[in-house]
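Here is the structure we will look at, set down as structure tokens.
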Amino acid sequence: MAQILSLSERRTSADDVYDYLHGQISTLKLLPGTRISEGEVARQFDLSRQPVREAFIRLANHELLLVRPQKATIVRRFSSEKIQRARFIRFAIECEVLRRACRTPLGRHKARLQRSLTAQEKAIRDGDIDRFHALDYEFHKALCSAAQSEFVFESIASNKAQLDRLCLLSLAERATMEELFQDHEQLFAGLLAQDEDAVIAVISHHLARLDDVVTSIRASHADYFED
């Protein structure tokens with residue numbers, strides 16, 4: 001059984017391609033509307049096209065790529081409808097995660113969250129947007145661990161990917177990073193106090209910030225949107 005589990009957990013070439021492209025798309029190194037080619041990616045990784053095709057399909061299922069038969073594959077542009085859907089799903093899941101996390105003391109998770117907050121504060125001082133973005137991801141993952149709900153983080157991450165590209169564009173402003181950091185501090189304080197009402201209010205405000213982000217980016221980068 002142990003051998004079967006080991007084999008099933010082994011990484012594949014498709015996993016490597018998926019992780020690389022997911023990172024490139026979510027950090028805007030590949031901008032909305034950018035064309036990418038199976039053949040070019042296969043050559044870059046020195047692979048056949050099959051694992052690249054598998055990675056493309058996974059990214060398309062997460063609505064990060066638009067795969068069009070007989071046409072170029074492109075990085076998906078933003079969709080207002082999909083953004084609202086992703087935020088709704090993420091809000092519903094994270095509310096339940098936070099409620100669960102409030103029901104027991106943080107215990108060993110307290111130190112992990114504190115370390116994350118310290119690192120986030122340093123990233124803001126350094127003006128390191130990529131580092132702050134990665135720490136934001138890890139902070140929300142740590143919240144799932146505190147709620148003993150690690151199994152839902154894949155769903156959060158899938159929907160978060162729809163929002164992260166927008167958020168990353170907005171993080172160019174130091175004030176935006178500071179606002180998100182303050183939200184994280186308030187979430188941590190609410191969890192320490194085991195105050196469900198407080199953490200739900202904070203996460204509601206945290207995700208509501210997206211409205212202003214969408215309005216601002218649509219005004220400055222209309223070509224990044226498909227609708």
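Any read-out appearing in this document is the output of simple, stated calculations on the displayed coordinates, not a laboratory observation. Note that the structure is predicted; figures quoted are calculated from it, not measured. When we count neighbours, we look across all protein chains shown, and the Cβ atoms used for this are built from the backbone with ideal geometry, even at glycine.
Dipole size of the chain about its Cα centre, with +1 on Lys/Arg Cβ and -1 on Asp/Glu Cβ: approximately 520 debye, rounded to the nearest 20. Taking the inverse of the mean 1/r over every pair of distinct Cα atoms in the stretch 2-75 gives a Kirkwood hydrodynamic radius of 12.9 Å.
Here the simple spin-label model places points 7 Å from the Cα toward Cβ, and for Arg115 and Asp223 these points are separated by 4.4 nm.
Mind pulling the per residue volume of the convex hull built on the Cα atoms of the chain? Å³ is fine.
On the way: hull volume 32.7 nm³, N = 227.
Spelled out: Cα convex hull of the chain, divided by residues, is 144 Å³.
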